[in-house]
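Just so it is clear, none of the values below were taken in a lab; they were calculated from the coordinates. Because the structure is predicted, anything quoted here is derived from the model rather than measured. As a convention, Cβ positions derive from the backbone with ideal geometry for all residues, glycine included, and neighbour counts pool all protein chains shown.
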Amino acid sequence: MIEIRWHGRGGQGVVTASYLLARAVLSEGKYAQHFPEFGPERRGAPVVSYTRIDEEPIEIHSGIYEPDIVVVIDPTLLFNVETVLRGLKKGGSIVVNSPSPKQELMDEAGRREAKVYYVDAYRIAMDVFKRALYNTPMLGALIKASGLVKLDSALKAVRERFGGEVAERNVEAIKRAFEEVKLA
Amino acid sequence: MSGVKEVYKMPESAFQGRATWKELPIGGVIPEPATSLRYKTGNWRALRPVLNEKKCIRCLMCWVYCPEPAIERLEGDRIRINYDYCKGCGICSSICPVKAITMVEEGA
Amino acid sequence: MSGNKVLGLSGNEAVAYAIKQANVDVIAAYPITPQTIIVERLSEYVNNGELNAAFIPVESEHSAISTCVGASLTGARVFTATSSQGLALMHEILHIAASLRAPIVMAIANRALSAPINIHCDHSDIMNARDTGWIIMFAENVQEAYDLVLQAFKIAESHEVLLPVAVNLDGFILSHSLEGVNVLDDDEVSKFLPKRQPIYPVDFEKPVTYGPLALPDYFFEIKRQQAEAMEGAKPVIERVGIEYGKLSNREYKPIKAFGMEDAEVAVVALGSSVGTLRAVARRFRKKGRKIGVLGLTLFRPFPREELIKYLEGVKVLIILDRAISYGSSGGPLYLEIAGVLYRSGLRPIVLNVIYGLGGRDLRPSDVEAIYEEGFKCAERGRAERELLWVGVRE
Ligand code: SF4
Ligand code: SF4
C-alpha cells in the first residue's frame, strides 16, 4: 500500500488533487481511498489531504501517519520543513513546488534517505491559468515522480471532473509538470 | 408476527378487551371505520338530558356542540338524544338558547 | 450478475446514488454536517429529473421524520438522512415511526452530540436512539454504505418486518472519504426492490385509523407485538443479505468474522474501525498471534446467537465503544454484550475500550496497544483494568 499526504492551503485545491489521483487509480482497476483532513474550511489556512493506493482492497480507515510520499503544493509551507515531512517513511519521496529545492529541505530529506522531486508549478500555473493554481501541476509532477498511475488515467479523471475549457487547461498543466519535474 | 396479513376487520375479541398481541392488527391500526359505534358510552351518565319538544326552536346548536355526538338530526331539524351514547356532560343543556334541555338525575 | 461498474464515490454520494436507484417516492430531510452531501445530491437528482420523487424541504429534522412517517403510512417508499443533533431532534418521532410500523430508511452520518459542539464522528447519536425500535445497521466502508441502504428498503418494507431501518456510516471517515464502489445496474436494483406493496394503501373505500389511543387495556399488547416484530426481522435480514449476495457477489451477514476459528483474543466493534482492526489483526496473524475480529453489521436486532457461536474458546474479549453510557459500567456495546455473555454461560475476560469520541482517530498504533493488552490479560488469566480509555490524554 502506498500512502500519500498532500500539503497546501485552503482554496488551492489540495483536496481536489488527492481526489483526482484516487479517481485515476480506480479507473485502472486498483483500489484507492481519498479523504480530506476534516475541519472548517478557511481560505489560506494550511490544509492536508490524503490518498491511499493498493492492489488489494483497503480496509484501514485511520489517518495517515507514516506516508510514503509527501506532496507540498504550497511553496510557503516549505518554511516549516519539520511539519511537512513529519512521519515520512525512510526512503520515501517528497514532491515540492519549487524552482530549486532549498538546502534545508535537502538536508532533512537526506537524513530520511528520501528522494526530492521538484517542479516550478508557479511558472506553469502562471503560464497556463494566469493564476497561482498549483494543484493539478503538482498532480502531474507526482505521477511522473512516482509512476503510480498512467498519465492518461489522470487526464481522464480531470476531464470527468471538470469538462470543457477548464479541463483542457488542467490537462495542459498536468502534462507540463509531468515533463518538467526533476529529481534533485 | 410473521407474515402480517391485510385485515380489514377488527377481531371480535378486541371489542371485548381480551385480544392478545397476536390477534391485534399491526401497529395498533384500526382497520375498519366507525368502530366507535360499538363503544357505548351511555352508561357513563350521572345526569340525563331531557328535551322539551315544545320549547325547542330547532336551532341545532345542541347538535353542533354535542361532543359524542349523541344528538341526532331528524326531519325538519327536530332533534333526538341517543341515550346509547349520551354521556351526560350537559353541554347541550348549557348551549340551548331557550333552555329546552334540562339535566335530570339518572334513574330519578 | 452485476455489470461490475466501479464508481469513485464518497460515502454520502454512494448513499444518494443508492437512493436514486431504489426509486424512492418521498424524501424529506434537513441538511446537517456531515450528512449534507446526501441531501444535496438527492435534491439535484430530483431537480434534473433523474429521480422521480417528492423532495420535501422541511424546517427541522423533527418535521423531516414526521413527514416521513406520514408518507410511509400512505404506502410510499421513503428516505431521510441526518446526523447528531438532527437525530436527537427527531427522537420522539423515531419511537412513533417504529411503533406505527412505518418502513422508512434513514442514513445517519454519525457525529458526536454536543456539548462541546463538534462535527466529527462518534456513535453517541445513534446510541442515544438505540431503544427507539429502529433496525440499526453499521457500514464499515463506502461500499457497505451503498449495499446496506439498498438492503434496508427490502428489510423495512417486508411484510414480515414493517419497521424503519437506520443505516449508519461514520461521519467524515466514511461520509467524506472517496472509495471505489461496485454499483449495481439500475434494472438489477429495480428487480431487487420492486415497488413497495403496503399492507394498508390509501383507499377511500377501506378507511383505516393509524395511531389511535391505547390505554392500559391495549398498550402493552401493541408493544409486545412490536418487540416480536424486531425478533421476526432477524431471519428476513439474513435472507436479504444472502439474496443481495447472489445479485452482487457481496453476501451480508449480521456479523463479519475474521480469524475467529482459533482466536484467543477477540475484538468486537462497529463502523469504520472494523477495517482498521482487521488490517492490524492481519499483521498480528502473520506473526502467528491468534487474534480475531468481529464486526457487527447489525446492532438492532442484536445478533445474540450468532455472536455467542463465535465466542466459544475465546479467552479475552475486547469490546470497542465509540460512545459513553454515562454512569453505567461501560459503553453501550459493552453493556449489550455483557448481557448476552451472562445468559450464554461463557465467561471470557472482558475488556471495554472507549475510543474515538468527537472524531479522535483510532490509530493503528492504538490498535496494536489494545491487542497487546488483550494478550497480556490472556497470559495472566485476568484483567488489571476492565475499562480502557484509548486515545485520550490522561
Ligand atoms: S349531555 Fe352531553 S353527550 Fe349527552 S346529548 Fe347533551 S351534549 Fe351530548
Ligand atoms: S339547542 Fe335547544 S333549541 Fe336548539 S335545537 Fe337544541 S334543543 Fe332545540
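Over the range A:1-109, Cα pairs under 8 Å with separation of 6+ residues give a relative contact order of 31 percent.
Calculate how large, on average over all directions, the projected area of the Cα convex hull of the range A:1-151 is; give the answer in nm² to one decimal.
Numbers: hull surface 33.9 nm².
Result: 8.5 nm².
So for chain C, averaging the separation of alpha carbon pairs under 8 Å that are six or more residues apart and normalising by length, what relative contact order in percent results?
Values: 829 pairs, mean separation 64.4, N = 394.
Relative contact order comes out at 16 percent.
DSSP finds beta bridges in chain A, and of those with both partners inside it, around 55 percent are antiparallel. The ranking of C:Met137, A:Met126, B:Met103, C:Met127 by Cβ neighbour count inside 10 Å, starting from the fewest, reads A:Met126, B:Met103, C:Met127, C:Met137.
With N counted as the residues of the protein assembly as shown, its alpha-carbon radius of gyration over 2.2 N^0.38 Å works out to 1.20. In whole angstrom, note down how far apart the Cα centers of the range A:58-102 and the range C:349-394 are. Result: 30 Å between the Cα centres. Nearest-5 percent of antiparallel DSSP beta bridges in chain C? Rounded to the nearest five, the antiparallel share is 25 percent.
Computed across the range C:5-248, the Kirkwood radius stands at 17.9 Å (inverse of mean 1/r, all Cα pairs).
In this structure, the pairs whose alpha-carbon distance is over 28 Å, taken from A:Lys90/A:Lys130; A:Lys150/C:Lys287; B:Lys9/C:Lys246; C:Lys191/C:Lys234; A:Lys30/C:Lys309; A:Lys30/A:Lys115, are A:Lys90/A:Lys130; A:Lys150/C:Lys287; B:Lys9/C:Lys246; A:Lys30/C:Lys309.
In the protein assembly as shown, the DSSP beta bridges split such that about 40 percent are antiparallel, to the nearest 5.
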